[in-house]
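Worksheet: the structure to be examined is printed underneath.
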Amino acid sequence: MDGPRTPRGRPGRSRARPSRLELRSSSLLVRLHDRSRRMPANGGRWPDPQPRLRADYAFSDQSAGGGARNMRCRRCGFENPHGMRFCGGCGAPLREGVTPAGSADAEGAAQRRHMTVLFCDLVASTPLAERLDPEDFREVLAAYQRACALAIERLDGYPARYIGDAVVAYFGYPRAHEDDAQRAVHAALGILEELGELNASLKQRQVSLDVRIGVHSGVVVAGEMGTGAMPPQHEIVGEMPHIAARIESIAPHGSVVISGQTHDFIEGYFETEPLGEKSLKGVSRPIAVHRVLRPTGAVGRLEVATGRPLTPVVGRDDELARLARAWERARQGEGGVLDRLQAGEVRLEGLDDAARGVGLEADEGARLLADLLSIDQGGQPATHLSPRDARIATLRILQSLLVANRAHHPLMLVVEDLQWADPTTMELLDRIVANVDGVAALCVMTFRKELDPPWKDHGPVLEIELGPLSSQEVQTMVAAASETAHNPDVVAWVDSASDGVPLFVEEMLKMLKLGGGARTPLASTGAPGVPPTLEGLLTERLDRLPDLGDVIDVASVVGREFERELLEVLDPLHGAELEPALALLVHQGILRPVAGARSRFEFTHALLQEAAYERLLRRRRRALHGRVADTLTQRFPTVADRAPEIVAHHFSCAEEPAKATEYWRAAGTRALERAAFREAAEHFRRGLEELDDSPSGPHQARECADLLTYRAAALQAAYGYASAGVDEAYAAARSTYERAGNDDRLVVVIRGQWMFHLLRGQYGTALESADDMVTLGQRGEHPFALAEGHLYRGLVHMYLGEFELARRHLEEAFTHYRRPERPDQIYDAQGDTGVGALAYNAVVLWNVGYPEESLRRSDLSLELAEQVGGQVTRAQAWGMRTILHLNRAEPAELSRWVELSRAHSVEHNIGYWRILSALFSGWLRGRAGELRAGSKEIEESLDAYTRSGCTLGLPHFCVLLADLRLAAGDPRGALEVLEVGRRHIEDTGERFSESELFRFMGRALLEGPEPDGDAATTAYQKAVEASRSQGAKLLWLRAATELTVYQRKIGARSTELAELSSLCEWFGDSDVLDVTRARALLAAQEPVR
């Protein structure tokens, strides 16, 4: 949403990773292995492979001789015979631009690979060599090597080395398969079978061969190596082949032993015997090993299934029926969300209305969308709005275009691959989901089940899990997706290997169409980030285009999508024309043009880009990321300014931390300006990581403190003022600022610390922060800090129930209030002091008995909030207005302000007020008759509130929930939740709602089958005493009235009549509901209900 997606992070960095697709076994290799053992039709032995092996097979690259190799032109990639002076493809001089084919340079040719190594060693070869004539031993050894090669090459493995009587084979390099681990184990078993047959032919020589075989899977660096006269050969580097050799050394004679890593990939395909963990020579950690007994023939089940809309939908009748029912409900106005419409054009017929809905003209709305889509507007500014307001306007326009415009209803909105979404896209969807209930619209979202969407518990959400297809459904899919019929063996292979996953069916059919139809099996090792059973298939597709490897490498580093112009400037073909290369990559299904953007290309699948990226060596990745970052800053400065997080990402991956820090800070600041608080917090976190890796400098401590402060403020705005990690960040920043004597930044830190401790219910610590701020303000250099200090004191005293003291400090705060001349993004994220002083004082004035003045102060806070601006400031003013109407028992006004506050906090993703407005909305919903739904909404809001670390005002929220439980006839449940509030009062000293809590406790004790009048009377008396001691006249009046009503009802003496009369006299002719009820009670002979 906010520009190009950030591509993969570098190893070792904490980042959101794509979900992994867990895949299990397939019977494919079993079938292949069985076919390899099938006797020929004539009932005899397989033809002797020896002549063919002699003619066609070299046992090792070392035996290939020193013949000259073809030379590859750097300019066009054409392979030229050795000795050519000019390229036969483009005519470039070869002396200036050529490298040996297949080797290029070490950076470009070598790759990271996840593969499997088979290590086979002949047992007791030394005594055999001693017993036989060297010529005879050579023949026996050659026959043994041929038998091993036959078993290995039958599974498309690569016999890499013959070291005396040992054989080393690679599976996954130089040619990748989807099931290389299975192939290696089948090949190992095949070697044992071949040796059985070979021993029968060697019986006349009184020779019997026995072997041990070890198999291990893991990551290596693979490439061609060779120096001097030694010709380059395929080699792998890493601990993995050494472990395979050590595993072989502990294997019993005539057996195959595999590591735990290999076992993970073949489990279910083979019967194995666990041998426990073994200490291997030269390996620092114990390795779990298993002995392979035999193939099982079992067919595994996929844990996750996903598909793409490139082939007809089959086997989804039940799911489609549920989708159709949901669509029908949506058409009738019961909006909902489902767990695809095809991606494509965006229709903008409602743009005029959408723009007007946010106060813009249609052309300005169009410019905003053009800016979002990176469409050149000839230098004309997209909008006169600030970045923050432009972002919100864009989101609201998109929301209107997609869902809110009723002219488009009924509407189905489809979002695919939600697990890849960026935070702003999730925010847009969050807004849509929050408002879809009751709208004739259906949102269909597809994602991997590891994703935990924030709205999964939203009322109208229906989750549909897509299971694997049956064999018949796969065959139907193959037939429907193919122009020509496939032979039964191919269809059986697709059925077995795909295990019912539509995505796999599609990918294999694509491979067949492009010429890979002769090959079989599926299930592999895998690189991080790529599902193991798909990584081999993807790597195999990439391996088909070795001459375009540099293009694929550079594109994978840029990201899933990229501009053709950027790729051209990066020059992956070293001067050769890029267009034919892109055309070939499109033809081969590696890339595709982005719909509606002819200059942009994307990898056909995100995992394909991931596989291409993962195979790059770290040093090459760093170099390429550095080139991309430098190119963006030097050649595309507009992109760098608009999306600094993209540049920051590339500098991070290039391991240039100083530059990365600069751009991460710019990205975070830009996100704060747009009120994208979650994104801001993440950008500042990445900046801190890079700063840790930067060389020490004179300003590093200050830079670190700034980043900590900005991140803490963003976390508070996004997730709640008491969010985890906030206190530690502010404490570290404060220490730095105090040492430097930087009072300007200290103000921001103390403000954040005070908010944190207040919301956590840590009133003593919060009061200390307030005192620190007052002290800072009294120094004279920061007069606005004095106002803030009094505000902080006022709020602490308010929640402690010290209302008169709170009122004095809040009025003092407004008296000293001066808005900073240049408020920074943090000030806007934390809220305006003057607005807060007025808004909270309004509630205090209500409690102490000045209802009219309370309303006037609230009106002033709303006016000032509009003048000052700032989304958090508005949320604060509107939220406190909501609470004031709740206290005044004005349901119509309460409902209006709840909706305004909720919509605003959802729109701007302001965590604290979003939760509180949802809580008040739940209470209104319950009071309107939906008791169960309203109670559930309050409970969910309270859970979210406490999970965010907040406890401030908990007794008040317990009272609201208890009220609904009483209305639902559940006095026991009401007492339980009121007890939670009472314990909070005892634990923290918060007494803001003490009187109300005891008043409702009195009510609850009188309900149910066994009312407790004495306990109820005691509770009412506590309510009266609490409000009296606090000087909260309206709460006192309310509690005394209810106690008097109960006493009259049971015929007891009314103990509070004198106080009621005095209070009513004090309020004069006020028409507040509580005063009116008290007057009626005093005048009545009967209890007033």
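If you take just the strands (runs of 3 or more DSSP E) that sit entirely in region 101-177, which of them hold at least 2 residues that are modelled with pLDDT of 90 or more, aromatic (Phe, Trp, Tyr) and surrounded by 17 or more Cβ atoms within 10 Å (Cβ to Cβ)?
Here the list reads 166-171.
Quick check on ARG331: is it farther than 30 Å from TYR613 by Cα, in contact with a Pro (Cβ under 8 Å, 6 or more places away or on another chain) and at pLDDT below 85?
yes
Here is a check on your reading of the model: is ALA187 more than 30 Å from ASP133 (Cα to Cα), within 32 Å of the chain's Cα centre (by Cα) and not charged (D, E, K, R)?
It is false that ALA187 is more than 30 Å from ASP133 (Cα to Cα), within 32 Å of the chain's Cα centre (by Cα) and not charged (D, E, K, R).
For GLY973, are the conditions met, namely being surrounded by fewer than 22 Cβ atoms within 10 Å (Cβ to Cβ) and part of a loop (DSSP other than H, G, I, E, B)?
For GLY973, the condition - surrounded by fewer than 22 Cβ atoms within 10 Å (Cβ to Cβ) and part of a loop (DSSP other than H, G, I, E, B) - is not met.
In the set ALA712, ALA733, ALA722, which member is surrounded by 23 or more Cβ atoms within 10 Å (Cβ to Cβ), part of a loop (DSSP other than H, G, I, E, B) and at pLDDT below 95?
ALA722
Name the residue that is nearest to VAL220 (Cα to Cα), counting only residues in region 156-182 that are within 41 Å of the chain's Cα centre (by Cα) and either of a type in the set (Asp, Glu) or not assigned by TED's automatic domain parsing to the domain that holds HIS216 (or both).
ASP180
Take the residues in region 265-275 that are loosely packed, with under 15 Cβ neighbours inside 10 Å and at pLDDT 90 or above; name whichever of them is nearest to the chain's Cα centre (by Cα).
My answer is PRO274.
Looking at (1) surrounded by 18 or more Cβ atoms within 10 Å (Cβ to Cβ); (2) modelled with pLDDT under 80, can you tell me which one MET412 breaks?
Failing condition for MET412: (1).
Looking at GLU248 and the list (1) modelled with pLDDT of 90 or more; (2) in contact with a strand residue (DSSP E or B) (Cβ under 6 Å, 6 or more places away or on another chain); (3) surrounded by 16 or more Cβ atoms within 10 Å (Cβ to Cβ), which single condition is not satisfied?
In the conditions (1) modelled with pLDDT of 90 or more; (2) in contact with a strand residue (DSSP E or B) (Cβ under 6 Å, 6 or more places away or on another chain); (3) surrounded by 16 or more Cβ atoms within 10 Å (Cβ to Cβ), GLU248 misses (1) alone.
Please return the ranges of helices (runs of 4 or more DSSP H) entirely within region 1004-1089 where 2 or more residues are of a type in the set (S, T, N, Q) and more than 24 Å from ALA842 (Cβ to Cβ).
1013-1030, 1033-1050, 1057-1067
Report whether or not ARG622 is in contact with a Lys or Arg (Cβ under 8 Å, 6 or more places away or on another chain), assigned to a helix (DSSP H, G or I) and surrounded by fewer than 24 Cβ atoms within 10 Å (Cβ to Cβ).
yes
Could you tell me how many of the residues in region 1032-1073 are under 57 Å from the mean Cα position of the chain (by Cα) and either at positive phi or loosely packed, with under 15 Cβ neighbours inside 10 Å (or both)?
Going through region 1032-1073 one residue at a time, the tally reaches 2.
Filter region 643-694 for residues that are on the phi > 0 side of the Ramachandran plot and of a type in the set (Gly, Ala, Ser) and give the result.
Across region 643-694, the qualifying residue is only ALA675.
List the number of the failed condition for LEU952; all other conditions in (1) surrounded by fewer than 24 Cβ atoms within 10 Å (Cβ to Cβ); (2) closer than 24 Å to SER1029 by Cα hold.
It is condition (1) that LEU952 fails.
When you scan region 276-299, how many residues do you find that are surrounded by fewer than 17 Cβ atoms within 10 Å (Cβ to Cβ), in contact with a Lys or Arg (Cβ under 7 Å, 6 or more places away or on another chain) and either at pLDDT below 80 or of a type in the set (A, V, I, L, M) (or both)?
Looking only at that region, the number is 1.
Looking at the structure I just gave you, is ALA251 among the aliphatic types (A, V, I, L, M) and within 24 Å of GLY282 (Cα to Cα)?
yes
Take ALA962 and tell me if it is out of contact with any Ser or Thr (no Cβ under 8 Å at 6 or more places or on another chain), closer than 30 Å to ALA766 by Cβ and modelled with pLDDT of 95 or more.
yes
Just name the residue that is surrounded by the fewest Cβ atoms within 10 Å (Cβ to Cβ) out of those in region 976-1003 that are small (Gly, Ala, Ser) and not in a helix (DSSP H, G or I).
Once the filter is applied, the top-ranked residue is GLY989.
Hey, can you tell me all the residues within region 660-678 that are surrounded by 24 or more Cβ atoms within 10 Å (Cβ to Cβ) and assigned to a helix (DSSP H, G or I)?
Hits for region 660-678 are ALA660, THR661, TYR663, TRP664, ALA667, GLY668, ALA671, LEU672, PHE677.
Checking the condition surrounded by 19 or more Cβ atoms within 10 Å (Cβ to Cβ), farther than 30 Å from SER723 by Cβ and either within 39 Å of the chain's Cα centre (by Cα) or of a type in the set (A, V, I, L, M) (or both), which residue from ALA928, ALA1016, ALA967 passes?
Going through ALA928, ALA1016, ALA967 in turn, just one is surrounded by 19 or more Cβ atoms within 10 Å (Cβ to Cβ), farther than 30 Å from SER723 by Cβ and either within 39 Å of the chain's Cα centre (by Cα) or of a type in the set (A, V, I, L, M) (or both): ALA1016.
Scan region 815-868 for residues that are modelled with pLDDT of 80 or more and either part of a loop (DSSP other than H, G, I, E, B) or of a type in the set (Asp, Glu) (or both) and jot them down.
The answer is TYR817, ARG818, GLY831, ASP832, GLY849, TYR850, GLU852, GLU853, ASP859, GLU863, GLU866.
What number goes with the only condition from (1) surrounded by 24 or more Cβ atoms within 10 Å (Cβ to Cβ); (2) within 24 Å of GLU738 (Cα to Cα); (3) not hydrophobic (A, V, I, L, M, F, W, C) that GLU703 does not pass?
(1)
Going through region 178-218 one residue at a time, which ones are in a strand (DSSP E or B) and surrounded by fewer than 18 Cβ atoms within 10 Å (Cβ to Cβ)?
The answer is none; no residue qualifies.
The values are calculated or read from the model by the stated rules, or taken from the named source; none is laboratory data. The structure presented is a predicted model; accordingly, all values stated were derived computationally and were not measured. Here Cβ is always computed from backbone atoms with ideal geometry, including for glycine, and neighbour counts include all displayed protein chains.
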